[in-house]
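The values are calculated or read from the model by the stated rules, or taken from the named source; none is laboratory data. Only a predicted model underlies this, so the values are computations on that prediction, with no experimental measurement involved. Counting neighbours? That spans all protein chains shown, and the Cβs are built from the backbone with ideal geometry, glycine included.
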Amino acid sequence: MKKYTFTEKKDTRSGFGAGLTELGKTNPNVVALCADLIGSLKMDDFAKNHPERFFQTGIAEANMIGMAAGLTIGGKIPFTGTFANFSTGRVYDQIRQAVAYSGKNVKICASHAGLTLGEDGATHQILEDIGLMKMLPGMTVINTCDYNQTKAATIAIADYNGPVYLRFGRPKVPVFTPENQNFEIGKAVKLTEGKDITIVATGHLVWEALQASELLDEMGISAEVINIHTIKPLDENAILASVLKTKCIVTAEEHNMLGGLGESVARTLAQNLPSPQEFVAVKDSFGESGTPDQLMDKYNLNKAAIVEAAKKVIARK
């Protein structure tokens, strides 16, 4: 089986910052707005080099979304930046009415998503954001896995006409995808070929899925790993083609089991190819304070949990 390695770890929020920097140089219509978290969102370079295209809104996220929606009317492509909790839960009404319902070309870019926000605790660790955003008609939902993919996605969504939710994180994680990749919205990436089980993962769990596939290979189990960077629109064809071969699937995500990637996959299977499925996700609970590694282990969002889910679902075939 194909094995993946990495030479460095970088946070995905820095990938967003790098992508925004590139857009600042190449696309004069791109503007950026931030709710008092420029450093955390890695928007410093854009703000410094393009002050006329950068808006510091302060701790007023609802106003930021309204401003972004208005800027699109003049042909601008606004990228908003704050923590995922504040990008979605705090401003859901504004997103629904001013962006989604109106079909505005706003890019809602959200850092510090999921449990890996770490020590800031449950009040900041939103685990419902994917569900909130994917239920909005016309909203594209993207959750990237490493620095390179986040940079590529940031650049790609500027060319996409319509509202986008781009989710990324705080911790440094392995960089294992190509540096100058072509990011295609709605197109899953098959990372390994396998015949016994399909593992689809998103965000930080993609690397864990790859590590789990190596452990499974040592047990004589051939796993097909698919990176689902776009949760909506979901690449149903890629999932169905794989499950048609393997007859079972594990979904893995740093999100509540309710409303996330797993449920989208379950709907796809129920409508087209009913098959055994196991979920690696947070089991309908809030998070808590701790280091990212401690929390991912406690809430069973790691390679060991994926291996156990794989063995369980294979037994159900």
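All of Leu71, Leu41 fail the test of being out of contact with any helix residue (DSSP H, G or I) (no Cβ under 8 Å at 6 or more places or on another chain) and not basic (Lys, Arg), apart from Leu71. Using the structure shown, decide if Ile231 is surrounded by 20 or more Cβ atoms within 10 Å (Cβ to Cβ) and among the β-branched types (Val, Ile, Thr). So Ile231 passes the test.
For Thr150, the criteria (1) at pLDDT below 95; (2) within 22 Å of Trp207 (Cα to Cα) hold in every case but one, which is (1). Scanning the stretch 270-288 for residues that are part of a helix (DSSP H, G or I) and surrounded by 18 or more Cβ atoms within 10 Å (Cβ to Cβ) gives no hits.
If you go through the stretch 255-293 and pick out every residue that is at positive phi and touching a residue at least 60 places away in the same chain (Cβ under 8 Å), you end up with 2.
Restricting attention to the stretch 63-111, the residues that are assigned to a strand (DSSP E or B) and either more than 18 Å from the chain's Cα centre (by Cα) or not assigned by TED's automatic domain parsing to the domain that holds Arg167 (or both) total 2. Scanning the stretch 123-134 for residues that are at pLDDT 95 or above, under 21 Å from Gly19 (Cα atoms) and either in a loop (DSSP other than H, G, I, E, B) or more than 19 Å from the chain's Cα centre (by Cα) (or both) turns up nothing. Ala201 versus (1) under 18 Å from Val106 (Cα atoms); (2) not assigned by TED's automatic domain parsing to the domain that holds Glu22: which is the lone unmet condition? Result: Ala201 passes all but (1).
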